[in-house]
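The values are calculated or read from the model by the stated rules, or taken from the named source; none is laboratory data. As the structure is a prediction and not an experimental result, all values here were calculated from the model. With ideal geometry, Cβ positions are generated from the backbone for all residues, glycine too; neighbour counts draw on all protein chains shown. All accessible areas refer to the heavy atoms of the entire protein, side chains included, with ligands and DNA or RNA removed. Shrake-Rupley method; radii C 1.70, N 1.55, O 1.52, S 1.80 Å.
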Amino acid sequence: MSASRAPTAAGSASPASTPWARSAASGTAAAGRAMSSRRTMTAKNTLGSFRCRPKLQCKSGFIQDALGNCIDINECLSISPSCPVGHTCINTEGSYTCQKNVPNCGRGYHLNEEGTRCVDVDECAPPAEPCGPGHLCMNSAGSFRCECKAGFYFDGISRTCVDINECRRYSGRLCSHKCENTLGSFHCSCSAGFRLAPDGRSCEDVNECTSSPCSQECANVYGSFQCYCRRGFQLSDVDGVTCEDIDECALPTGGHICSYRCINFPGSFQCSCPPTGYKLAPNGRNCQDIDECVTGIHNCSINETCFNIQGGFRCLAFECPENYRRSADTRCERLPCHENQECHRLPLRITYYHLSFPTNIQVPAVVFRMGPSSSVPGDSMQLAITGGNDEGFFTTRKVNPHSGVVALAKPVPEPRDLLLTVKMDLYRHGTVSSFVAKLFIFVSAEL
Ligand SMILES: [Ca+2]
Ligand SMILES: [Ca+2]
Ligand SMILES: [Ca+2]
Ligand SMILES: [Ca+2]
């Protein structure tokens with residue numbers, strides 16, 4: 001190429017384009033120049049002098065100096081560019097050459113095919129595997145880097161991709177509850193009672209109540225739930241979700257929740273009373289005696305008196321014994337004795353009394369008081385139980401000179417009817433008179 005553009009002869013010589021060609025040629029030229037200065041000039045006579053004139057014309061690429069020597073033209077110094085862009089102009093004897101500029105490419109670059117510029121080396125181009133098999137190679141200008149799949153980092157020493165432990169690297173910042181490292185990623189999880197939110201990182205409360213975990217009522221709370229029970233039930237200590245009936249009848253404090261009998265129901269209880277003689281009180285717990293005598297459901301005859309007792313009633317009737325006459329509803333008076341001495345020892349009066357108390361009455365308990373209807377100064381009296389006290393439940397006691405009481409000394413364990421005969425001897429004006437009280441005692445069941 002350079003040869004064709006070179007103006008003349010020497011240009012066609014093949015070694016012209018090599019750097020050493022110039023020095024060889026210039027050596028030749030120097031010798032040629034010395035010779036030509038003598039041979040190339042002819043003398044021409046002028047008036048009073050002479051003038052040297054060049055004998056020869058210089059070849060193309062040379063210029064003739066004043067002495068007639070041919071001097072090489074340095075075309076590379078000319079103003080107009082002698083060589084195309086990317087070439088260096090090299091002057092030669094009688095000509096010049098254009099030498100292509102060879103760029104010096106740095107590490108990671110190489111010359112393009114035309115040799116005109118440096119281009120990046122694609123280190124990643126197959127079949128080269130600079131990052132090792134299975135790893136991503138990323139070419140970049142002048143370099144390359146090895147990349148691993150997301151979640152891995154390239155360990156330069158082992159030249160392998162190693163899992164990033166995100167949980168450790170971003171400790172406490174990735175998951176709101178628990179972080180679990182996995183190969184290539186990580187996984188958030190939540191404590192019991194929470195579930196992973198759609199963002200995969202935060203935890204939200206689970207509304208456990210939607211799945212009805214409680215046997216009765218459920219209240220959702222943050223991170224958990226609470227079962228509770230309706231009245232009459234209590235939450236099981238074992239599972240915390242089952243409502244169990246409260247056995248009100250078995251409660252230690254509720255031993256007497258019902259005065260008579262307690263019947264447990266799921267969620268409730270009911271008190272009951274003996275099948276006859278009682279009704280449930282308005283409070284639902286106590287048993288109230290039915291007063292059969294008032295309500296008229298007794299079966300006493302016309303000649304009998306109805307006497308109400310706890311849990312029942314008694315039909316009372318009495319007859320005055322011989323020598324007595326009835327003086328009131330419950331009283332018999334002795335008839336006049338005339339000359340009958342035996343008669344004088346009989347009590348002046350027999351009175352019937354009815355009383356009732358429960359088996360659990362506190363003892364001692366005064367149950368009857370006896371004395372003359374009117375007292376006279378100097379009176380004295382004696383009280384004695386003359387019948388019906390074989391088991392010794394009762395005692396008598398004087399309260400003052402003219403009256404005394406009958407007291408229950410020990411509890412009567414079972415409900416029963418007792419007839420107690422109490423005799424009072426009254427001493428007045430030197431004579432003694434007897435009075436008898438017949439006590440019908442009805443000991444009723446305690447409720
Ligand atoms: Ca990981
Ligand atoms: Ca919850
Ligand atoms: Ca119950
Ligand atoms: Ca009754």
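Global size of the range 324-444: 15.4, 50 Å for Rg and Dmax (C-alpha atoms, Rg to one decimal, Dmax whole). The largest-to-smallest principal axis extents of the Cα set in the chain are 235, 44, 39 Å. Springs between Cα atoms under 10 Å define the GNM used for the chain, and in it the highest mean-square fluctuation of Glu292, Glu75, Glu248 occurs at Glu75.
Between the amide H of Gly184 and those of Ile164, distances stay under 5 Å, these residues lying 5 or more places away or on another chain, with hydrogens modeled in the peptide plane. Per the Debye formula on identical point scatterers at the alpha carbon atoms of the range 379-447, with no solvent, log10 I(q)/I(0) at q = 0.14, 0.20, 0.24 Å⁻¹ is -0.48, -0.82, -1.05.
Site pair Asn220 and Thr431 shows an inter-label distance of 10.1 nm when each label is modelled 7 Å from Cα along Cα→Cβ.
Mind checking the full-extension length gain between Leu316 and His177? Use 0.36 nm per residue of separation minus the Cα-Cα distance, one decimal, nm. Write out the running numbers ahead of the final one.
Details: separation 139, 0.36 × 139 = 50.04 nm, distance 8.65 nm.
Answer, rounded to one decimal: 41.4 nm.
Across the range 401-417, coupling constants 3J(HN,Hα) worked out from phi with the 6.51/-1.76/1.60 Karplus curve, θ = phi - 60°, read x, 10, 7, x, 10, 9, 10, 7, 8, 9, x, 8, x, 10, x, 6, 9 Hz, and Gly and Pro carry x. Per residue, the chain exposes an accessible area of 63 Å² to a 1.4 Å probe, with every protein chain left in place.
Residues whose amide H comes within less than 5 Å of that of Phe368, counting only those at least five positions distant or on another chain, are Val406 (H built at 1.01 Å from N in the peptide plane).
Return one number: the angle in degrees, 0 to 90 and rounded to the nearest 10, between the long axis of the Cα atoms of helix 19-39 and the longest principal axis of the Cα atoms of the chain. Its long axis makes an angle of about 20 degrees.
Note on the chain: GNM, Cα springs under 10 Å; of Ser224, Ser176, Ser143, the largest mean-square fluctuation is that of Ser143. With the charge dipole of the chain set up from +1 on Lys and Arg Cβ and -1 on Asp and Glu Cβ about the Cα centre, the Cα lying farthest toward the positive end among the listed residues Asn139, Gly430, Ser171 is that of Asn139. Using 0.36 nm per residue and subtracting the Cα-Cα separation, the extra length available between Ser375 and Lys398 on full extension is 6.8 nm.
Judged by the gyration tensor of its Cα atoms, with axes a ≥ b ≥ c, the range 166-205 is prolate; a/c meets the 1.5 cut and a/b is the larger of a/b and b/c. Here the spin labels are modelled as points 7 Å beyond Cα on the Cα-Cβ line, and at Thr88 and Ser49 they lie 4.6 nm apart.
How would the range 248-289 be classified by its alpha-carbon gyration tensor: rounded, prolate or oblate, with rounded meaning a/c under 1.5 and the a/b versus b/c comparison settling the rest?
prolate
If I take every Cα pair under 8 Å that is 6 or more residues apart in the chain, average their sequence separation and divide by the length, what percent do I get for the relative contact order?
Numbers: 836 pairs, mean separation 26.9, N = 447.
Relative contact order comes out at 6 percent.
How many percent of the accessible area of the range 396-447 is carbon or sulfur, using a 1.4 Å probe? Numbers along the way, then the final one.
Numbers: 1320 of 2470 Å².
Carbon and sulfur: 54 percent of the exposed surface of the range 396-447.
If you plug the beta carbon distance of Thr210 and Tyr153 into 1/(1 + (r/R0)^6) with R0 = 41 Å, you get a FRET efficiency near 0.40. If the segment from Val294 to Arg231 were pulled out straight at 0.36 nm per residue, it would be longer than the present Cα-Cα gap by 18.7 nm.
Which of rounded, prolate, oblate describes the range 100-151, given a ≥ b ≥ c as roots of the alpha-carbon gyration tensor eigenvalues and a/c under 1.5 marking rounded, otherwise prolate only if a/b is larger than b/c?
Numbers: a/c = 4.13, a/b = 2.82, b/c = 1.46.
Prolate, because a/c is 1.5 or more and a/b exceeds b/c.
Taking a point 7 Å out from the Cα of Ser140 in the direction of its Cβ, none of the residues of the range 162-182 has a backbone N less than 18 Å from it.
Dipole size of the chain about its Cα centre, with +1 on Lys/Arg Cβ and -1 on Asp/Glu Cβ: approximately 3540 debye, rounded to the nearest 20. Taking all Cα pairs closer than 8 Å and separated by 6 or more residues, the relative contact order of the range 134-202 comes to 20 percent.
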